[in-house]
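The values are calculated or read from the model by the stated rules, or taken from the named source; none is laboratory data. For clarity, every value in this text was computed on a predicted model and none was experimentally measured. FYI the Cβ positions are ideal-geometry reconstructions off the backbone, even for glycines, and counts take in every protein chain you see.
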Number of protein chains: 2
Amino acid sequence: MENKIPQATARRLPLYYRFLTNLHHQGKTRVSSKELSDAVKVDSATIRRDFSYFGALGKKGYGYNVDYLLQFFKETLSEHKAVDVALIGVGNLGTALLNYNFSRNHNTKLAMAFDHSEKKAETFIGGVPIYHIDQLEEKISNVEVAILTVPATVAQEIADRLVASGVKGILNFTPARLTIPDHVRIHHIDLSVELQSLVYFMKHYPV
Amino acid sequence: MENKIPQATARRLPLYYRFLTNLHHQGKTRVSSKELSDAVKVDSATIRRDFSYFGALGKKGYGYNVDYLLQFFKETLSEHKAVDVALIGVGNLGTALLNYNFSRNHNTKLAMAFDHSEKKAETFIGGVPIYHIDQLEEKISNVEVAILTVPATVAQEIADRLVASGVKGILNFTPARLTIPDHVRIHHIDLSVELQSLVYFMKHYPV
DNA sequence: TTTATTCTGTCTATAGTTTAGCAGATATAT
DNA sequence: ATATATCTGCTAAACTATAGACAGAATAAA
């Protein structure tokens, strides 16, 4: 596909998409880059730049048509068929994520979860079935995205199993920096790092 | 303070710090930028560059002394006195974070939490006392950092109250893009966006 | 209609970030 | 002692991202 869109832009697309959805539900039919800028807190020039990577989506003197833009992003972000996601590690954080309504944006769906606890196996949380970790390879064959919320000590081992089972993307909530092949995409959400770096920025980058 | 360190570097400091702590516990006394690179998955040139913003911390032909570096970062990241943090919104995610051991890195401490539920008030989760949200202004006066895990609908209202109470940094887990004054630092962790952008990158930035 | 206003799309300038490459200092091996 | 290997700190270059400015197209108002 088109490899030309900057990564920084790609990271903002889901954000734009969500706010367009909000506008649509509010019944708004048109929006300017300036209005959108106020809502998503991204410079309006940056927004126009981002949109223009996909062609001329707006109209001079008018702005953008909400429904048209929404439809366009729906296709671009492949909204029509939801991507199945598996979650590994049903601890405190895993449980919270199972209850988190990811499918509000209709392009991802938590399809199954795994845990090493025998007690949790064969139960449901947030409507998602939980299986024992021994069944990982057996159940996960059609899933390409995994959320990793296991203890850091077993993160690498589980990641290896995920990769071997054909997983192509991992959202890693553990502090471990995993070694994985190039063809697998990994994004880190490291809660301690986020909190520490917020504190660092507060102290060192004052008004 | 020294405003000269690039933000990208500042964001990596907590990561370096954690891995140095690990090495220390493993009894390693020296480490090269290459070894560290393998562990944290950051280019070794970038690591040397990052460290050099703080002066010449290493030795040519030898590498870095783990203890020395650790001590240095401990001071730089102000490890000696922990920063108090308040958490607002004790739902699924809030509860998970209260149980998450942030204080492993000794520079932040979850000191209190707030929720609108009367039932939760005056209880403890993960050793952290929970108060009713009505007591926010009364209790929070000495806290400068807040974690926001409330529903998106009330996020702005709570953020306004936090800012009015003197909070200087917010870690925002809600999908809302908050309007806050310039002197308040805000970092977003938007779980839906993270998952969606992972999926987008998987599809559009192949091997 | 005509005029004034709005607002995009793009160009250009600036800022920020990463990476390669290498001189020279230090360590280690012989 | 000498030679070889290691590994930093730095420079320069490439790359990436943000933001200001404005021509011109379209709308809205007069």
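Just one of the listed residues (A:VAL143, A:VAL128, A:VAL163, A:VAL184) is under 24 Å from B:ILE189 (Cα atoms), more than 10 Å from chain B (Cβ to nearest Cβ) and modelled with pLDDT of 95 or more, namely A:VAL128.
Considering the range A:53-84, the residues that are farther than 22 Å from A:GLU35 by Cα and acidic (Asp, Glu) include one that is farthest from DNA strand D (Cβ to nearest atom), namely A:ASP84. Looking across A:ALA121, A:ALA176, one residue alone is assigned to a loop (DSSP other than H, G, I, E, B) and under 30 Å from B:ALA86 (Cβ atoms). It is A:ALA176.
Just one of the listed residues (A:LEU87, A:LEU15) is more than 10 Å from every other protein chain (Cβ to nearest Cβ), closer than 30 Å to A:MET112 by Cβ and away from DNA strand C (no atom under 13 Å from the Cβ), namely A:LEU87. Restricting to the range B:42-56, count the residues that are within 22 Å of A:PHE201 (Cβ to Cβ) and within 13 Å of DNA strand C (Cβ to nearest atom). Of the residues in that region, 8 qualify.
With respect to (1) within 21 Å of the chain's Cα centre (by Cα); (2) more than 9 Å from DNA strand C (Cβ to nearest atom); (3) free of Cβ contacts under 8 Å to residues at least 60 places away in the same chain; (4) crowded, with 16+ Cβ neighbours inside 10 Å, the lone exception for A:GLU75 is condition (4).
For A:PRO151, the conditions (1) more than 17 Å from A:ASP115 (Cβ to Cβ); (2) surrounded by fewer than 19 Cβ atoms within 10 Å (Cβ to Cβ) are fulfilled apart from (1). From the list A:ALA155, A:ALA111, A:ALA96, A:ALA164, the one residue that fits, being within 24 Å of B:LEU171 (Cβ to Cβ), of a type in the set (A, V, I, L, M, F, W, C) and touching a residue at least 12 places away in the same chain (Cβ under 8 Å), is A:ALA155. The residue of the range A:1-12 that is farthest from the other protein chains (Cβ to nearest Cβ), among those that are charged (D, E, K, R) and surrounded by 13 or more Cβ atoms within 10 Å (Cβ to Cβ), is A:ARG12.
If you go through the range A:179-191 and keep only what is closer than 13 Å to A:ALA159 by Cβ and assigned to a loop (DSSP other than H, G, I, E, B), you end up with A:THR179, A:ILE180, A:PRO181, A:VAL184.
For the criterion of being away from DNA strand C (no atom under 15 Å from the Cβ) and β-branched (Val, Ile, Thr), B:THR21 passes. Could you list, in sequence order, all residues of the range A:1-46 that are in a loop (DSSP other than H, G, I, E, B) and in contact (Cβ under 8 Å) with a residue 12 or more places away in the chain? Within the range A:1-46, A:LYS4, A:ILE5, A:PRO6, A:LYS28, A:THR29, A:SER32, A:VAL42 meet the criteria. Within the range B:22-64, which residues are within 14 Å of chain A (Cβ to nearest Cβ) and farther than 26 Å from A:ILE189 by Cα? Of everything in the range B:22-64, just one residue is within 14 Å of chain A (Cβ to nearest Cβ) and farther than 26 Å from A:ILE189 by Cα, namely B:PHE54.
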